[in-house]
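Here is the structure we will look at, set down as structure tokens.
The values are calculated or read from the model by the stated rules, or taken from the named source; none is laboratory data. Values in this document were obtained by computation on a predicted structure and should not be read as measured data. Using ideal geometry, Cβ is built from the backbone for each residue, glycine included, and neighbour counts are taken over all protein chains shown. Heavy atoms of the whole protein, side chains included, go into the accessibility calculation; ligands, DNA and RNA do not. Shrake-Rupley method; radii C 1.70, N 1.55, O 1.52, S 1.80 Å.
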Amino acid sequence: MERIALDSEALASVGYDAGRHVLEVEFTSGRVYQYFDVPRHEVERMLRAESRGAYFSERVRDRYRFEQVH
């Protein structure tokens, strides 16, 4: 999945597969996770947030099923 780089202390890059509703997140630690059934509006809001890392922590992490891919 193609990801875009972010200017964030916690998140290095994110990608989104709109057809499958899968959000892929690369953390600055180098770990990569996929989050499933994430609505497009949630991703759009995260990308517009003042703090993308804080938004992710509050609105995505622990709310959607996920697996580590790297």
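What does the charge add up to near Val69, with Lys and Arg as +1, Asp and Glu as -1, over the other residues with Cβ less than 13 Å from its Cβ?
On the way: positive: Arg3, Arg31; negative: Asp17, Glu24, Glu26, Glu67.
Overall, the nearby charge balance is -2.
Taking θ as phi - 60°, what are the ³J(HN,Hα) couplings along the range 62-67 by the Karplus curve (6.51, -1.76, 1.60), each to the nearest whole Hz, with x for Gly and Pro?
Per residue, the Karplus-derived 3J(HN,Hα) values read 6, 9, 10, 4, 8, 8 Hz.
From the Cα gyration tensor of the chain, with a ≥ b ≥ c the square roots of its eigenvalues, which class applies: rounded if a/c is under 1.5, or else prolate if a/b is larger than b/c, or else oblate? Walk me through the numbers on the way to the answer.
On the way: a/c = 1.34, a/b = 1.09, b/c = 1.22.
Rounded.
Keeping all protein chains in position, work out how much accessible area Val69 exposes to a 1.4 Å probe, and write it in Å² to the nearest 10.
Looks like 70 Å² after rounding.
What is the set of long-range amide H partners of Ala12 at a cut-off below 5 Å, with H atoms built 1.01 Å from backbone N?
When sequence neighbours closer than 5 places are left aside, the close amide H contacts are Glu26, Phe27, Thr28.
For Met1 paired with Arg31, estimate the spin-label separation in nm (one decimal), with each label point 7 Å from Cα along the Cα-to-Cβ line.
1.7 nm
Residue by residue through the range 10-22, what is 3J(HN,Hα) from phi via Karplus (6.51 cos²θ - 1.76 cosθ + 1.60, θ = phi - 60°)? Round to whole Hz and write x for glycine and proline.
Listing the rounded values in order: 9, 10, 7, 7, 9, x, 9, 9, 5, x, 9, 6, 10 Hz.
Heavy atoms only, 1.4 Å probe, whole protein assembly: order Asp37, Asp7 by accessible area, highest first.
Working: Asp37 105, Asp7 150 Å².
Sorted by accessible area, descending: Asp7, Asp37.
Kindly write out, for the range 25-34 in residue order, the coupling ³J(HN,Hα) from the Karplus curve 6.51 cos²θ - 1.76 cosθ + 1.60 (θ = phi - 60°), rounded to whole Hz, with x marking Gly and Pro.
10, 9, 8, 5, 6, x, 6, 10, 10, 10
Of Leu47, Leu23, Leu11, which has the largest mean-square fluctuation in a 10 Å C-alpha GNM of the chain?
Answer for the Gaussian network model of the chain: Leu47.
With the full set of protein chains in place, find how many percent of the accessible area of the chain is carbon and sulfur; take the probe as 1.4 Å.
Details: 1880 of 4530 Å².
Roughly 42 percent, rounded to a whole number.
Could you state how much accessible area Arg31 has, in square angstrom rounded to the nearest 10, with a 1.4 Å probe and all protein chains kept in place?
Accessible surface of Arg31 is approximately 130 Å².
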